[in-house]
Amino acid sequence: MGSDILPKAVKYENGQLIFLDQTKLPLELIYEKQETLEQVYNSIKTLKVRGAPAIGIAGAFGLLISMKNHINNSVDEFIKMLKSNGEYLISSRPTAVNLSWAVNRIIKKAESVEAHTSEELYKIIEQEAVYIFEEDKKICQNIGEYGQDLICDGMGILTHCNAGALAVSELGTALAPIYKALDNGKKFKVYADETRPLLQGARLTSYELYSAGVDVTLICDNMAAYAMSKGLINMVIVGCDRVAANGDTANKIGTMNVAILAKYFNIPFYVACPSSTYDNMTLTGKDIIIEERDKKEVTHFSSCQTAPENVNVLNPAFDVTPNELITGFITEYGIIKPPFIVNLEKILNNR
Ligand code: MRU
């Protein structure tokens, strides 16, 4: 299976930025051209483009295209605007560190080079955004290679949310080992949690795995314990949005439930993690800002109201899995085992 058959979340072609509108999946495949800073901000905020690495890439290109109208400004004015647009884009979603990481990398590049004109600077940051995109492709391939060693014939693998091709440049993080194992002819099953409230597991993960020919079974979130108790699950692999210095990991709400269940049933729990998701400035999970989303996502199922109008609602988009529940991190540099406080830091020397 070539990664070409998988859907692409972000495209950058001939200077044009295009996102696949993931809110319409799996029923409609609609690509939307992104032309303004506000449009990119809204696309990230409303999850048209989502998944930690994908919003990093989207942020880098989004920042770039927001500067198109400023190439006639002075270099100083260009950089000032770049910083303010970058700050605005970062504010669209607070939890995934990849967004600020990619946007700040573009800004740092612009500040560190000597450009005589803003037009020259535009070309330099365009190149940097393309590097971020291309690097992510290599990272996903490497995560896939290292992770597929963990997959054996006959296994059942549980995943939560969507950390596949739709969440990155191509292939995925948590799903990359699955695609590689499929390519290597391994026979296994994948169980996808539907992932309430926005159903990334049902709408996106089961869609992309099924389209690629993976033996995938969709389950409701509250069926994971049942599936584990029946011996259907031998390993869990999830993605992540931010990994703190001690290994505490933020990922889609419900991930911590799965990790606790995996511990109870003695099932290995792996987090697939590009090094850009590791944030050593955040010391523990307690310091990770958790995005709170609109209560309508919980009181409505698609556009249909399923709860009383004014009922109180809690809608955190992510939770933090304590490091002691994590067996290892599958990174582009190999599999990182505890003690995470020491071993995760080592990936910074490679990055
Ligand atoms: O709210 P989302 O859909 O952006 O949440 C996505 C996740 O939680 C993913 O598991 C995570 O970003 C990793 S994507 C490789």
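The values are calculated or read from the model by the stated rules, or taken from the named source; none is laboratory data. What you see is a predicted model; the values in this text were computed from it and never measured. Here the Cβ positions follow ideal geometry from the backbone for every residue, glycine too, while neighbour counts run over all protein chains shown.
Just a few scattered comments:
- Pair list, Cβ under 7 Å, 6 or more apart: region 141-166 residue outside the structural domain of GLN200 (by TED's automatic domain parsing) and assigned to a loop (DSSP other than H, G, I, E, B), other residue small (Gly, Ala, Ser) and crowded, with 24+ Cβ neighbours inside 10 Å: none
- Test: residue in region 4-21 that is at pLDDT below 95 and part of a helix (DSSP H, G or I): yes
- Against the criterion of being more than 27 Å from VAL216 (Cβ to Cβ), buried (at least 24 other Cβ atoms within 10 Å of the Cβ) and not small (Gly, Ala, Ser), LEU158 does not qualify.
- Failed item, numbered, when VAL243 is tested on (1) within 27 Å of PHE301 (Cβ to Cβ); (2) surrounded by 24 or more Cβ atoms within 10 Å (Cβ to Cβ): (1)
- Scan of region 11-34 for residues that are closer than 14 Å to ALA60 by Cα and either in contact with a Ser or Thr (Cβ under 8 Å, 6 or more places away or on another chain) or surrounded by 13 or more Cβ atoms within 10 Å (Cβ to Cβ) (or both), ordered by number: LYS11, TYR12, LEU17, ILE18, PHE19, GLN34
- Qualifying positions in region 246-258 - out of contact with any His (no Cβ under 7 Å at 6 or more places or on another chain) and either aromatic (Phe, Trp, Tyr) or surrounded by fewer than 23 Cβ atoms within 10 Å (Cβ to Cβ) (or both): ASN246, MET256, ASN257
- For region 69-85, the criterion of being at pLDDT 95 or above and closer than 19 Å to ALA9 by Cα is satisfied by no residue at all.
- Residue match in region 48-69 (condition: at positive phi and buried (at least 23 other Cβ atoms within 10 Å of the Cβ)): yes
- Among the candidates ALA129, ALA102, the residue that is surrounded by 23 or more Cβ atoms within 10 Å (Cβ to Cβ), in contact (Cβ under 8 Å) with a residue 60 or more places away in the chain, more than 14 Å from the ligand (Cβ to nearest atom) and in a helix (DSSP H, G or I) is uniquely ALA129.
- Residues being surrounded by fewer than 19 Cβ atoms within 10 Å (Cβ to Cβ), touching a Leu at 6+ places or on another chain (Cβ under 8 Å) and under 30 Å from ASN162 (Cβ atoms) - total across region 70-89: 1
- Residue check for ASP248: acidic (Asp, Glu) and within 16 Å of the ligand (Cβ to nearest atom): yes
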